[in-house]
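Chemist: To start, I am sharing the structure in question, which I have written as C-alpha cells.
Read the figures in this text as sums done on the coordinates, not as results from a lab. These numbers come from a predicted model, not from an experiment. Cβ placement follows ideal geometry from the backbone for every residue including glycine, while neighbour counts extend to all protein chains displayed.
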Amino acid sequence: MPRAEKLAKRTPTSRDVFNRFGAYLLDEDRCRDLVIANLHPVPACPGCATKLTWTQDAAFRQNKRVRCNECGGFFTVLSGSPLSGMHMDFRTFVLLCFCLEAGLTNTQISMLIGDTADTVRAWRRKLALLEIIQTTEAS
Ligand SMILES: [Zn+2]
C-alpha cells in the first residue's frame, strides 16, 4: 500500500474526533476563568460586598473557600449563584454550554459530558431560564 494511502486511512475523520471528544481535552483553569469572568467581574464577598484582598482573590480564582475579613462569611466562586451546588467541573460545564449552543441533542451531549440525558435536560431548562431572566433585566 502506498504511503499516502496509508496516511489517508489513518487520518482521523470528523466522526473519529467527535467520538473521542470530551471535557478532558479542555483546560480546567481556562474554563473556570471564563465562568468567573462572567459571574464576578469584580470579585467580592457575596455577604457584604467587600472587595477581596490579593490573597483572597487568588484563592477565590482557584475555586477555594474564602473567608471574608469584614463579615466573617465563607464563600466560593459559586456561592449564592445559580451554579451553586454544581456537581461537574468547569470544563464539563463549558462543554455542556457549548454543545447546547451548537444544537446537539440531550443524548449526544450526555455522551460527551459523561452524564445522563436527564441531567442535560435539567441544565438546558436552567440555562434557558437564566437567559430569559438576563434578557428581561437588560430590556
Ligand atoms: Zn463579607
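Chemist: What residue among 12, 46, 82 shows peak mean-square fluctuation when the chain is described by a Gaussian network model with Cα springs under 10 Å?
Modeler: Taking springs between Cα atoms under 10 Å, the residue moving most is 12.
Chemist: Now, a different point. Please sort by residue number the trypsin sites (Lys or Arg not before Pro) in the stretch 21-67 whose DSSP state is loop and whose Cβ has at most 12 other Cβ atoms within 10 Å.
Modeler: 64, 65
Chemist: Please list, by residue number, every one of the chymotrypsin sites (Phe, Trp or Tyr not before Pro) in the stretch 1-109 that is coil in DSSP and has at most 15 other beta-carbon atoms within 10 Å.
Modeler: Listed in order of number, the matching sites are 21.
Chemist: Got a sec? Charge dipole of the chain, +1 on Cβ for Lys and Arg, -1 for Asp and Glu; which of 109, 69, 130 is way out at the positive end?
Modeler: Working it through, the farthest residue towards the positive pole turns out to be 109.
Chemist: Per-residue ellipticity at 222 nm for the chain, helices alone: DSSP H runs ≥ 4 residues times -39500 (n - 2.57), over residue total, nearest 500 deg cm²/dmol?
Modeler: Rounded to the nearest 500, it is -17000 deg cm²/dmol.
Chemist: At a Cα cut-off below 18 Å, give the lysines reachable from residue 51, other chains included and same-chain residues fewer than 8 away excluded.
Modeler: Partners found: 64.
Chemist: What's log10 of I(q)/I(0) for the chain at q = 0.17 Å⁻¹, Debye sum over Cα points only, no solvent?
Modeler: Debye output, listed in q order: -1.01.
Chemist: What do you get for Rg/Rh of the stretch 81-139 when both radii come from the Cα atoms and Rh is the Kirkwood radius?
Modeler: So for the stretch 81-139, dividing Rg by the Kirkwood Rh gives 0.99.
Chemist: Over the stretch 54-139, what is the relative contact order in percent, taking alpha-carbon pairs closer than 8 angstrom and at least six residues apart?
Modeler: Relative contact order here is 13 percent.
Chemist: Can you give the local net charge around residue 43? Use residues other than it whose beta-carbon is closer than 15 angstrom to its beta-carbon, Lys and Arg +1, Asp and Glu -1.
Modeler: Value of the local net charge: +3.
Chemist: Tell me the net charge near residue 9. Cut-off is 15 Å between Cβ atoms, residue 9 excluded, with +1 for each Lys or Arg and -1 for each Asp or Glu.
Modeler: +2
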